[in-house]
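The structure appears right after this line, and notes come after that.
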Amino acid sequence: KALTDKALRIRSLELEVRALRREVGRSVAPGGDRLVGKSTALLEIFKTVGKVASRDVAVLITGESGTGKELVARTIHRHSRRHEGPFVAVNMSAIPSELIEAELFGHEEGSFTGAHRARLGRVRRADGGTLLLDGIEDLAHEAQVKLLRVLQERVVEPLGSSEPVPVDVRIVATAGPGLDKALD
């Protein structure tokens, strides 16, 4: 009985995934990267991607390193209404903490030593599309506050400026299992 129930559930999930794929199309990212597989866990991921892709909400993807979090984020972007907009990925741990705010939010000319010209940040470069913040747990508190403003008010304030700039960006963040456990 349990084996039959499990087989019926897997079959039901496979049919649902097929329907979702037909609904959102089978576009493939540059380089051919896409989610493939038939495991129960992956079928659940397909189902969740189908649900969140159509909604314009921020998404947090958690999991072990190497499990395909960025691939899931790219899949969400490809199947969203933002698919024609840019997909900008930021590896949070690769950017020195003293540069993260300028990298994310941009800066005006002369706003700090070495700022010889104004620069758009990654948030504004992702305008109309999706911004992936890979390794969000590495983001310093000060930058978290500014990111919250982007999420709540849909504006960004470049360093050295007092003028907020409107942005239309979906934020997808990834984190390791430590953050997932801290949220429980």
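At-a-glance table
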{"read-out": "Rounded percent of accessible protein surface that carbon and sulfur make up, the range 35-159, 1.4 Å probe", "value": "50 percent"}
{"read-out": "Backbone N under 16 Å from the residue 10 label point (7 Å along Cα→Cβ), restricted to the range 38-60", "value": "38-45"}
{"read-out": "Other-chain or far-sequence residues with amide H under 5 Å of residue 165's (modelled H)", "value": "156, 157"}
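The values are calculated or read from the model by the stated rules, or taken from the named source; none is laboratory data. Quantities reported herein were computed from a predicted structural model and do not represent experimental measurements. Here the Cβ is made from the backbone with ideal geometry for all residues, glycine too, and neighbour counts use every protein chain on show. Just the protein is used for accessible areas: all its heavy atoms, side chains included, with ligands, DNA and RNA removed. Shrake-Rupley method; radii C 1.70, N 1.55, O 1.52, S 1.80 Å.
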